[in-house]
Amino acid sequence: MKRNLLLFVLLALGLACGAQTPWNGTVAEAYDGGDGTPENPYQIATAEQLALLAQQTDDGTGGDACYVLTNDICLNEGDTLYWTPIGLTGTFRGVFDGDKHSISGMYENGFKLSGLFGYTENATIKNVRLEKATVMEYEQAFVYIAIGGILVGKAKNTHILDCSVDCVNYASVTWNECTGGVVGKTIVNNGNLVIDNCVNNGYIKGWTFSGGMVGNGDFIIKNCHNFGEIVSEGTAGGMAGQGGLNCLITYCFNHESGVITGGMNTGGIIGTAIKTVMSCCGNAALITGFNDDEIMVGGISGADGTIYNCFNRGDLTAIFTEDPLLIQMGGITSTPLHDEQIRNVYNAGAIIKPSNPDIPNSWYGHIVPAIFSDTLISNCYWIGNESITPYVYNIGVSNWTLLPGSSVFGPGATPTTWVLDEAQYGTTDLVEALNAGAMGQCTWVEDVDGENAGYPIFGLLDPNRVDEIAETPFQVYPNPTNGILFVETVHAPSLQMTNEYHITNLLGQTLQTGSIGGEMHQIDVSGLPSGMYLLTIDDATVKFVVK
């Protein structure tokens, strides 16, 4: 049986290459200079030299060194030459620095692993701008499930930093299991996979897992923005379709143009959050669930996850041809699982109920429509909407309950001030209440510049700026944590070697010690009781909270 594996189809507006000389389809004999060391990386100045990297990666003679672009590169000026991903049959294990140059006109014939890079492991890709990329329809017997990413198809223990993907006008992925604007599928095995400061502008459509950054996998996503529409027959999210255990998404934003439509779990930041932590994230786009069976829609997470210091102002809706068996729609998430937490969040988006009132098991909530009895939830705020009850269904004890420490809010004296109906932390000012509950993780401010439609926004848009306030060479998050503490030392080279750490309580008693090294590290603090602690590395100390 023939099936079309329609990956990214991007209709370029105008010539893809501009003033650059397009690729002639050949492979260069040598790079433009360099010896592949970090101090003197191989220099790639032409498309032919980029093709040399792809060839060497697949034949095992390269792909494990350091490479740098020295010019903008054009891979195609139409649809005449197909690009073969770097690491289609081999694996890229090196460092690729785009040096802020662009790679335009990529035209690909829909391989099993699609992207500029096919498969990467223990690699770093940074400072790359992909423009007007095209991955065409590929016809083959349906004997595998393809993985599509515009930058990387499948990434393992890879850092992707300061990259942007501009898929001008149109991109589509059909019959594709994992589809991401940056990476299709990610894997973490004895390492970390970090996507930091990346942007997706492309339209992404997939089969099972679709996300602006990642389709599915394990990851840390930081400082990222999605502007592209996301569509999936399965789960869909502005940043990721689905996240695995101990994933983190922080300081990420899904913009108004990032409209999301999903057939299963659909969320503004992530579709399904399997033990994923989201902090300091926001969604402003319309989110729609479509299914004739179950529809799960959330402003931040379609389902599951721990969520701190996040907001949603996008509307939520559902479409279907036959009455579904279940609808759960929540301004923050459709439902959290056991032991998960929702704290210090607000929802300003409308929850649009279907017109048919007879749908069985249809639950709606300003924050969540339903919780388990052991879900930890507090300090949640929502704009008034009389069509939605302030109660949520407590699954553990089978009754309806009010959210603790939470309140409706409405307009204040100015377009950027908001007032709580019930005082929290001794104040009725929404921004003051959010800052009182932020636990030092971020600073909330009034939206005086109109960046967020007048609703409160983060004063610190980049978590690296937290160091300027904390005056420490490393940062920790999420804070408070649900058991895994991420420690980042990217701005502290002296701490990237192996160092001892000490965790003490406020009485100075040492409770846990260990070693830490590298730019990103995880410390398991699940054995500590709830409370505030001090983490010390060398002579620097930060406070963190275990909930």
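The values are calculated or read from the model by the stated rules, or taken from the named source; none is laboratory data. Given the structure is predicted, the values throughout are model-derived calculations rather than measurements. A quick note on method: Cβ atoms are made from the backbone with ideal geometry, for glycine too, and the neighbour counts reach across all protein chains shown.
Could you identify the single residue in ILE125, ILE160 that is touching a His at 6+ places or on another chain (Cβ under 9 Å), assigned to a strand (DSSP E or B) and modelled with pLDDT of 90 or more?
ILE125
Looking only at the range 108-127, count how many residues are in contact (Cβ under 8 Å) with a residue 60 or more places away in the chain and on the phi > 0 side of the Ramachandran plot. So the answer is 3. Determine whether the range 287-304 contains at least one residue that is touching a residue at least 40 places away in the same chain (Cβ under 8 Å) and on the phi > 0 side of the Ramachandran plot. Taking every residue of the range 287-304 in turn, none turns out to be touching a residue at least 40 places away in the same chain (Cβ under 8 Å) and on the phi > 0 side of the Ramachandran plot. Just the residues that are closer than 15 Å to GLY36 by Cβ, under 28 Å from the mean Cα position of the chain (by Cα) and buried (at least 20 other Cβ atoms within 10 Å of the Cβ), please, taken from the range 58-85. GLY63, TYR67, VAL68, LEU69, listed by residue number. Taking the range 233-260 as the search range and keeping residues that are polar (S, T, N, Q) and not in a strand (DSSP E or B), which one is nearest to the chain's Cα centre (by Cα)? Checked the range 233-260; the qualifying residue nearest to the chain's Cα centre (by Cα) is ASN246.
Residue by residue, here is whether (1) under 22 Å from TYR308 (Cα atoms); (2) surrounded by 24 or more Cβ atoms within 10 Å (Cβ to Cβ); (3) touching a residue at least 40 places away in the same chain (Cβ under 8 Å); (4) not aromatic (Phe, Trp, Tyr) holds:
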{"residue": "THR186", "(1), (2), (3), (4)": "no, yes, no, yes"}
{"residue": "LEU193", "(1), (2), (3), (4)": "yes, yes, no, yes"}
{"residue": "GLY206", "(1), (2), (3), (4)": "no, yes, yes, yes"}
{"residue": "GLU233", "(1), (2), (3), (4)": "no, no, no, yes"}
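Of note, GLY483 satisfies the criterion of being modelled with pLDDT of 70 or more and under 18 Å from THR250 (Cα atoms).
The strands (runs of 3 or more DSSP E) located wholly in the range 325-418 that include 3 or more residues which are more than 25 Å from the chain's Cα centre (by Cα) and farther than 30 Å from GLY450 by Cβ occupy 391-394, 399-402.
Counting the residues of the range 399-411 that are surrounded by fewer than 20 Cβ atoms within 10 Å (Cβ to Cβ), of a type in the set (Gly, Ala, Ser) and touching a Ser or Thr at 6+ places or on another chain (Cβ under 9 Å) gives 1. Consider the range 236-258. How many of its residues are of a type outside the set (S, T, N, Q) and more than 14 Å from GLY181 (Cα to Cα)? Result for the range 236-258: 11.
Just one residue in the set GLY33, GLY87, GLY105, GLY94 is at positive phi, modelled with pLDDT of 95 or more and assigned by TED's automatic domain parsing to the domain that holds THR120; that residue is GLY33.
The set of residues from the range 312-362 being modelled with pLDDT under 90 and crowded, with 19+ Cβ neighbours inside 10 Å comprises PRO324, THR335, PRO336, GLU340, GLN341, SER362. The set of residues in the range 246-275 that are among the hydroxyl-bearing types (Ser, Thr, Tyr) and within 19 Å of THR208 (Cβ to Cβ) comprises THR261, THR266, THR272. In the range 261-298, the residue that is surrounded by the fewest Cβ atoms within 10 Å (Cβ to Cβ) out of those that are among the aliphatic types (A, V, I, L, M) and not in a strand (DSSP E or B) is ILE274.
For the range 377-398, the set of residues classified as crowded, with 17+ Cβ neighbours inside 10 Å and either within 22 Å of THR481 (Cβ to Cβ) or among the small types (Gly, Ala, Ser) (or both) consists of ILE377, ASN379, CYS380, listed by residue number.
Checked against (1) under 24 Å from ALA453 (Cα atoms); (2) surrounded by 16 or more Cβ atoms within 10 Å (Cβ to Cβ), MET439 passes all but a single condition, namely (1). Scanning for something modelled with pLDDT under 95, of a type in the set (Val, Ile, Thr), in contact with a Phe, Trp or Tyr (Cβ under 9 Å, 6 or more places away or on another chain) and closer than 14 Å to THR235 by Cβ, does the range 256-269 turn up at least one residue? No, the range 256-269 contains no residue that is modelled with pLDDT under 95, of a type in the set (Val, Ile, Thr), in contact with a Phe, Trp or Tyr (Cβ under 9 Å, 6 or more places away or on another chain) and closer than 14 Å to THR235 by Cβ.
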